[in-house]
1. With the condition kept exactly as written, say whether any residue in region 231-252 is crowded, with 18+ Cβ neighbours inside 10 Å and either among the small types (Gly, Ala, Ser) or not in a helix (DSSP H, G or I) (or both).
2. For region 263-298, name all the residues that are over 14 Å from the mean Cα position of the chain (by Cα) and within 17 Å of residue 248 (Cβ to Cβ).
3. Is there a residue being among the hydroxyl-bearing types (Ser, Thr, Tyr), part of a helix (DSSP H, G or I) and closer than 20 Å to residue 138 by Cα anywhere in region 221-228?
4. Could you give me the residue pairs with C-beta distances under 7 Å whose first residue belongs to region 146-167 and is under 21 Å from residue 298 (Cβ atoms), whose second residue is at pLDDT below 95 and of a type in the set (S, T, N, Q) wherever it lies, and which are 6+ apart or on separate chains?
5. When you look at residue 5, is it over 20 Å from residue 257 (Cβ atoms), at pLDDT 95 or above, touching a helix residue (DSSP H, G or I) at 6+ places or on another chain (Cβ under 8 Å) and among the β-branched types (Val, Ile, Thr), yes or no?
6. Collect the residues in region 160-192 that are surrounded by fewer than 17 Cβ atoms within 10 Å (Cβ to Cβ) and small (Gly, Ala, Ser), keeping them in residue-number order.
7. Do you know which of the residues in region 193-225 that are farther than 19 Å from residue 326 by Cα and surrounded by 18 or more Cβ atoms within 10 Å (Cβ to Cβ) is nearest to the chain's Cα centre (by Cα)?
8. Given the criterion modelled with pLDDT of 95 or more, closer than 15 Å to residue 356 by Cβ and among the β-branched types (Val, Ile, Thr), identify the matching residue among 331, 304.
Amino acid sequence: MTREVHPFEAHAPDADLDDLRARLAAARLPEAETVHGARRWDQGVPLADLADVVAYWRTGYDWRGFEARLEEIGQFRTTIDGLGIHFLHRRSPRADATPLVMTHGWPGSVAEFVDVIDELADPADATAPAFHVVAPSLPGFGYSGKPATTGWGTEKIAAAWVELMGRLGYAEFTAHGGDWGGTITTVLAGRFPAHVLGVHTTFAEAPPGLSTDGLTAEERRWTEETRHFWRHRAAYAKQQATRPQTIGYALVDSPVGLLAWILDKFAEWTDTGDSPFETVSRDRVLDDVTLYWLTRSGASAARIYHESHNSLDPELRVDVPAAVTMYPRDIEKTPRPWARERYRQIVRWRAPEAGGHFPSLEVPGFFVRDLREGLAAVLAARP
């Protein structure tokens, strides 16, 4: 087994970009949705919105700029348990910096972090904490390898992250994540407390079966919103958990289908009134979608649901210090009393007034400050 870490350069062949533009030009679109006004997103991505993004993707979007940004940050690959793992790695120039692994979710990617890594690693304020930032691409996502067998669920991914950080010289580190990255961060902290100094998460999944007795009115509302989400807005998760291969054909063959599948989530899960582009730029959304397209990872990324949906060990507990931030428009918000049943040492809890499922893209300035303050509280709580 090799433990070598190699520099990696992302460079799509011109032919792949030409093929993408040709497919976009030849796209067959359905008729418009039959709802309008305030309800126009009720059936999914409206035709006019999608057509606008498709036109920009074909004629105005610059993938080479995103490739250059990845190269500027620094990207690498290594092989763990037979699978190639791609990751961004930005070492801080500060001698007092703390290692930090940041894990994305679905339908995200390392594109979620490209606007915040520099400020985390080398803050303009010399008194702010600094971090050696590692942002891996999940197995089956982006430039990481695609598992050829089952087994690459959140438990195995967390173990791989410990191995990855060790190869980089970080025997102890902090961790951050949301969505699947939040689950993996929880597993990291619960299974590997000797390596994890503490965590910051935007997804503090509570153990199942807890009572709403004693919750505040707002906390009860959170539980009702989460229940409504899983009952009425989670068809994508059920599809990817049960039939990832079937949806994968559409996601790998049609760029418009892939765009609609992902854009729908950016629209529904961001803290916006009508369009995700109120807070997230078209370029950042297309960086994410194009990364899925060029790496043909629509099916392989969907399989994380097949591997890990509802698989978090109900008995797993986190005893290392934890900071939790619940953004108001995220899709799952856990009441603090419930979160305490799994995270035994919550040292900082925040429920900001703005932000959704993609806070590093929606509110990057606040996200960086909150992450810094949360991890500073975590580190201060260490014995």
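1. Filtering region 231-252 down to residues crowded, with 18+ Cβ neighbours inside 10 Å leaves 236, 240-241, 244, 247-248, 251-252.
Restricting the remaining residues to those that are either among the small types (Gly, Ala, Ser) or not in a helix (DSSP H, G or I) (or both) gives 241, 248.
Yes, the conditions are met somewhere in region 231-252.
2. Those that are over 14 Å from the mean Cα position of the chain (by Cα) and within 17 Å of residue 248 (Cβ to Cβ): 264, 293, 294, 295, 296, 297, 298.
3. Scanning region 221-228, I find no residue that is among the hydroxyl-bearing types (Ser, Thr, Tyr), part of a helix (DSSP H, G or I) and closer than 20 Å to residue 138 by Cα, so the answer is no.
4. 153/311; 154/311
5. yes
6. 166, 169, 171
7. 196
8. 331
The values are calculated or read from the model by the stated rules, or taken from the named source; none is laboratory data. Because the structure is predicted, anything quoted here is derived from the model rather than measured. When we count neighbours, we look across all protein chains shown, and the Cβ atoms used for this are built from the backbone with ideal geometry, even at glycine.
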